[in-house]
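So the structure is just underneath, and the comments pick up after that.
The values are calculated or read from the model by the stated rules, or taken from the named source; none is laboratory data. The structure presented is a predicted model; accordingly, all values stated were derived computationally and were not measured. Note: ideal-geometry Cβ built from the backbone for every residue, glycine included; neighbour counts use all protein chains shown. Side chains included, ligands, DNA and RNA excluded: accessible areas come from the protein's heavy atoms. Shrake-Rupley method; radii C 1.70, N 1.55, O 1.52, S 1.80 Å.
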Amino acid sequence: MFAYNESICLALPGSDQLGIGYANRSAACFALGEYEMALFNIQMARKHNYPDKLMAKLLERERNCKQRIADGRSKGTVPCPRMGFNVDINPRIPFLAKGIAMGYDPRFGRGLVAEKDFNAGDIILDEKLELCGIDYNVTFQTCNQCSSRRYHVLIPCPKCPFFMFCSEECRELNWKLFHRFECDVATKLCSVSRVSDMIAPRLFFYGLSQFGDDVQAMMEYCEKAINEKFNPLDLDYTIPCRLDVFKAVHNTITRYDSVVEMIANNTAATYSVVFLMNPLVKSIIRTEPHRRFFIRSIQTYSKVAAALATNSGISKGVITTIRPVGNLFNHSCDPHAMTISDGGRVKMVMLRPARQGEQIFISYGPTWYKPCPLSLMFKCCCIVCDKGKAGREWHSLMDRKLPQNARKDVQLMKQILGDSGVNVASKMNAVQQLIKRYADYHPQREDIGYLLKLYGEFLCFIVQDEHLEICCSLPSQGAEN
């Protein structure tokens, strides 16, 4: 599928090759049984100069898609569990659970703390992605604006051969926020970019857009001392304001790290040269003070990204995201909650209970029960990585045995999870109840670790399946040659 997307991206706008690219992708969707997706691509092929001499084959595929949908063979009609909020919602932050507040810990700095008990299965965050960096290796797999992996329906930027989008809305928003600064130098950026670096200049241009491209006004705000008391949870998110989002991210206090400092300097030096080759950027950043501010900002936002950004790995690449609230959760290799990014949103689901007063941790990649190839951009201070007395005491609990009745329950759970006759929602509920029942035995490697690992895999499956249902319900609006 990704090769078809690349052919669509490389096709000249207005040429019949673009129509053929969409038609080819419709054939692939048809072969995969994705009939709604095939219809979307058939309409796009007809809209983009698909050759008349090949039209009969395309129309036949369209009839076959509609017939299969009528016969009930549509994947879009397959029910799947919906993962909406199942706890009270913060009235000022409608994508965050009520009962979560800002706290401070000398080891981790600021973080989010439970003001009440939360249990396994509680959905505590459902936040729209606002800023992401896409690895150039996966630009044909994901939306460049929201990082949605709707690769069946991605549409290209009409001006550069790299970036694709899941909708016209995302393409227009991305252009307004930062792609207009990237597009003319996209090929050069491809030569110098790493995903963790790319998000730093994007954060600068995101802010510049909110200041109406007035670099002087942005500089006057950003050159002030960081407001250490700034709390993103004090903002009212019921009326979204991207300027407030930028200020929330900008006012991040970063810790000194020699490696991060070196990367930030290299990032600023490289990107400042490339972006200033773009006539649009040169027309805005005209004076020497503005150029120095641009370079300093990329340095600063590279360090902010190292502190805040969350990486998620997909086939052959990485997506880096920054969110004003979700990134306030600190990392631990023994997380309370799991973060799942899909469909342009980030959902955070409790894996195990968090008691009132506890800081709620998520994982930025590795956990003690599931290794991860993604490396952290900082020294981990969590209990799992602690080399002192607390860490040794925690690890001493790992190999203990559960009581006999608990072990029997876990064995029964394994049988239920392997039973194809039990639906996914019932399995999820059973796992949640078992984790809650034996929460006092955490951490324990053999049984509790197994349940946490399996529960996380189920959560990923359900969210991605939910996203697929949403994709399949898209109205048909527009493959082989």
Fill in the blank from the handout: For region 92-178, the Cα-Cα pair-distance distribution in 5 Å bins from 0, as whole percents, is 3, 12, 17, 16, 11, 10, 13, 12, 5, 2, 0
Problem - For region 138-164 and region 327-349, distance of Cα centres in Å - result: 24 Å
Practice task
Return the long-range amide H neighbours of HIS336 (sequence gap of 5 or more, or a different chain), with a cut-off of under 5 Å between placed amide H atoms.
Solution key: PHE361, ILE362
Completion exercise
The extension gain from TRP394 to ASP419, computed as 0.36 nm times the residue separation minus the Cα-Cα distance, is 5.6 nm
Completion exercise
Between the modelled labels at ARG255 and LYS436 (7 Å from Cα along Cα→Cβ) the distance in nm is 3.5 nm
Handout entry: Amide H contacts of LYS116 (H built 1.01 Å from N, under 5 Å, at least 5 apart or other chain)
Key = GLY357
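Give the carbon-plus-sulfur fraction of the accessible surface of region 82-223 in %, rounded to a whole number; probe 1.4 Å, heavy atoms of protein chains only.
Details: 2550 of 5240 Å².
In region 82-223, the share of accessible area belonging to carbon and sulfur is 49 percent.
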Completion exercise
Here the equivalent ellipsoid of region 343-427, derived from its Cα gyration tensor, has semi-axes (largest first, whole Å) of 28, 22, 14
Handout entry: Probe 1.4 Å, protein heavy atoms only - accessible area per residue of the chain in square angstrom
Key = 45 Å²
Practice task
Would you please give the residues with an amide H less than 5 Å from that of SER167, counting only those at least 5 places away or on a separate chain, with H modeled from the backbone geometry?
Solution key: ILE155
Practice task
Run down the lysines and flag those whose C-alpha is under 21 Å from the C-alpha of LYS57, throwing out any fewer than 8 positions away in its chain.
Solution key: LYS47, LYS66
Handout entry: Overall Cα dimensions of the chain - principal axes, largest extent first, Å
Key = 72, 66, 38
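Calculate, for LYS128 and PHE461, the FRET efficiency according to 1/(1 + (r/R0)^6) with r their C-beta to C-beta distance and R0 25 Å; round to the nearest 0.05.
Working: r = 22 Å, r/R0 = 0.87.
Once rounded, the FRET efficiency stands at 0.70.
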Exercise for the section: Answer rounded, prolate or oblate for region 1-77, using the Cα gyration tensor with square roots of eigenvalues a ≥ b ≥ c: rounded when a/c is under 1.5, else prolate when a/b is larger than b/c, else oblate. Expected result: oblate
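Taking the Cβ-Cβ separation of CYS241 and LYS387 as r and a Förster radius of 41 Å, what is the calculated FRET efficiency to the nearest 0.05?
0.40
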Practice task
Sort out for me the Cα centre separation of region 1-53 from region 368-435, rounded to whole Å.
Solution key: 44 Å
Completion exercise
A correct Karplus calculation of ³J(HN,Hα) over region 256-272, with 6.51 cos²θ - 1.76 cosθ + 1.60, θ = phi - 60°, whole Hz and x for Gly and Pro, returns 6, 9, 4, 5, 4, 4, 5, 4, 4, 5, 5, 4, 5, 5, 5, 6, 4
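Want the number for ARG445 to LEU280: 0.36 nm per residue separation, take away the alpha-carbon distance, what's left?
Details: separation 165, 0.36 × 165 = 59.40 nm, distance 5.58 nm.
Separation in residues times 0.36 nm, less the Cα-Cα distance, equals 53.8 nm.
Given Cβ point charges of +1 (Lys, Arg) and -1 (Asp, Glu) and nothing else, what value in debye, to the nearest 20, does the dipole of the chain about its Cα centre take? Walk me through the numbers before you get to the answer.
Working: 59 positive and 50 negative charges, 109 e Å.
It works out to roughly 520 debye.
Rounded to the nearest 0.05, what FRET efficiency do ASP214 and LYS453 give with R0 = 30 Å and r taken as the Cβ-Cβ distance? Could you check?
So the FRET efficiency works out to roughly 0.05.
So which of LYS401/LYS436; LYS389/LYS436; LYS247/LYS379; LYS347/LYS453; LYS224/LYS347; LYS98/LYS128 end up more than 24 Å apart, counting from Cα to Cα? Write down the numbers at each step before the final one.
Working: LYS401/LYS436 17 Å; LYS389/LYS436 27 Å; LYS247/LYS379 26 Å; LYS347/LYS453 17 Å; LYS224/LYS347 34 Å; LYS98/LYS128 18 Å.
The answer is LYS389/LYS436; LYS247/LYS379; LYS224/LYS347.
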Problem - Distance in nm between pseudo-label sites at LYS379 and LYS53 (7 Å out along the Cβ direction from Cα) - result: 6.9 nm
Practice task
Straight distance only, please: which lysines reach the Cα of LYS188 with their own Cα at less than 27 Å, same-chain residues fewer than 8 apart left out?
Solution key: LYS159, LYS176, LYS282, LYS303, LYS316
Completion exercise
Expressed as a whole-number percentage, the relative contact order of region 112-164 with C-alpha contacts under 8 angstrom and at least six residues apart is 26 percent
